[in-house]
1. Looking only at the range 40-58, which residues are acidic (Asp, Glu) and either surrounded by 15 or more Cβ atoms within 10 Å (Cβ to Cβ) or touching a helix residue (DSSP H, G or I) at 6+ places or on another chain (Cβ under 8 Å) (or both)?
2. Exactly one of these conditions fails for LEU80: (1) modelled with pLDDT under 85; (2) touching a strand residue (DSSP E or B) at 6+ places or on another chain (Cβ under 7 Å); (3) not hydroxyl-bearing (Ser, Thr, Tyr). Give me its number.
3. Name the residues in the range 5-22 that are at pLDDT 85 or above and either over 24 Å from MET51 (Cα atoms) or open to solvent by 20 Å² or more (accessible area, probe 1.4 Å) (or both), would you?
4. Look at the range 61-72 and say how many of its residues are surrounded by 15 or more Cβ atoms within 10 Å (Cβ to Cβ) and more than 14 Å from PRO22 (Cβ to Cβ).
Amino acid sequence: MLSSNIVGQGALPDRRTLPWIPGGRVAFWGGWGGSMAIMDLDRRMTISYVMNNMGPDILGSPRAAAYVTAAYNALGINALS
(Lines give C-alpha, C1' and ligand atoms only; values in the text may rest on other atoms or scores of the structure.)
Protein backbone atom coordinates (compact mmCIF):
# COMPACT_ATOMS: atom_id res chain seq x y z
CA MET A 1 0.00 0.00 0.00
CA LEU A 2 1.42 3.36 -1.00
CA SER A 3 1.24 6.29 1.36
CA SER A 4 -0.26 9.62 0.36
CA ASN A 5 3.10 11.34 0.78
CA ILE A 6 4.74 13.05 -2.16
CA VAL A 7 8.39 12.13 -1.96
CA GLY A 8 11.47 13.12 -3.88
CA GLN A 9 13.00 9.67 -3.58
CA GLY A 10 9.89 7.90 -4.85
CA ALA A 11 6.71 6.76 -3.17
CA LEU A 12 7.08 5.52 0.37
CA PRO A 13 5.66 2.00 0.43
CA ASP A 14 5.27 2.22 4.20
CA ARG A 15 5.37 5.16 6.67
CA ARG A 16 7.68 3.11 8.88
CA THR A 17 10.47 4.02 6.46
CA LEU A 18 10.71 7.53 7.96
CA PRO A 19 8.24 7.63 10.88
CA TRP A 20 9.58 10.96 12.10
CA ILE A 21 8.14 12.75 9.04
CA PRO A 22 4.40 13.37 9.53
CA GLY A 23 1.85 12.36 6.93
CA GLY A 24 0.24 14.71 4.49
CA ARG A 25 1.57 16.55 1.47
CA VAL A 26 5.25 16.22 2.25
CA ALA A 27 8.15 16.13 -0.20
CA PHE A 28 11.64 15.26 0.96
CA TRP A 29 15.13 14.60 -0.23
CA GLY A 30 17.83 12.72 1.65
CA GLY A 31 21.46 12.86 0.65
CA TRP A 32 24.43 10.63 1.21
CA GLY A 33 25.95 11.34 4.60
CA GLY A 34 22.69 12.18 6.37
CA SER A 35 21.56 15.50 4.89
CA MET A 36 17.84 16.05 4.58
CA ALA A 37 15.41 18.58 3.08
CA ILE A 38 11.69 18.43 3.82
CA MET A 39 8.96 20.59 2.30
CA ASP A 40 5.71 20.23 4.21
CA LEU A 41 2.94 21.81 2.14
CA ASP A 42 0.15 21.18 4.65
CA ARG A 43 2.03 22.94 7.46
CA ARG A 44 3.57 25.58 5.16
CA MET A 45 7.11 24.91 6.32
CA THR A 46 10.47 23.73 5.03
CA ILE A 47 13.16 22.07 7.14
CA SER A 48 16.67 21.30 6.01
CA TYR A 49 19.59 19.63 7.72
CA VAL A 50 23.15 19.57 6.45
CA MET A 51 25.76 17.88 8.60
CA ASN A 52 29.34 19.01 9.04
CA ASN A 53 30.56 15.43 9.46
CA MET A 54 29.64 12.76 6.91
CA GLY A 55 27.84 9.71 8.22
CA PRO A 56 27.18 6.33 6.58
CA ASP A 57 23.49 7.11 6.06
CA ILE A 58 21.75 7.53 2.71
CA LEU A 59 18.21 8.54 3.59
CA GLY A 60 18.43 10.92 6.53
CA SER A 61 20.28 9.94 9.70
CA PRO A 62 19.66 9.72 13.44
CA ARG A 63 20.93 13.31 13.66
CA ALA A 64 18.54 14.48 10.92
CA ALA A 65 15.68 12.60 12.61
CA ALA A 66 16.39 14.32 15.94
CA TYR A 67 16.59 17.76 14.28
CA VAL A 68 13.39 17.30 12.26
CA THR A 69 11.52 15.84 15.25
CA ALA A 70 12.59 18.82 17.40
CA ALA A 71 11.37 21.28 14.73
CA TYR A 72 7.96 19.62 14.51
CA ASN A 73 7.71 19.26 18.30
CA ALA A 74 8.44 22.98 18.72
CA LEU A 75 5.29 23.62 16.66
CA GLY A 76 3.26 21.12 18.67
CA ILE A 77 3.29 18.48 15.92
CA ASN A 78 4.02 14.88 16.86
CA ALA A 79 4.89 12.91 13.72
CA LEU A 80 4.80 9.59 15.54
CA SER A 81 1.13 9.86 16.49
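The values are calculated or read from the model by the stated rules, or taken from the named source; none is laboratory data. Quick caveat, the model's predicted, so the values are computed rather than measured. Ideal geometry is used to build each Cβ from the backbone, glycine not excepted, and the neighbour counts take in all protein chains shown. Keep in mind that these areas ignore ligands, DNA and RNA; they rest on the heavy atoms of the full protein, side chains included. Shrake-Rupley method; radii C 1.70, N 1.55, O 1.52, S 1.80 Å.
1. Looking only at the range 40-58, we keep the residues that are acidic (Asp, Glu), and these are 40, 42, 57.
Result: ASP40, ASP57.
2. (2)
3. Residues satisfying the conditions are PRO19, TRP20.
4. Adding up the residues that qualify gives 4.
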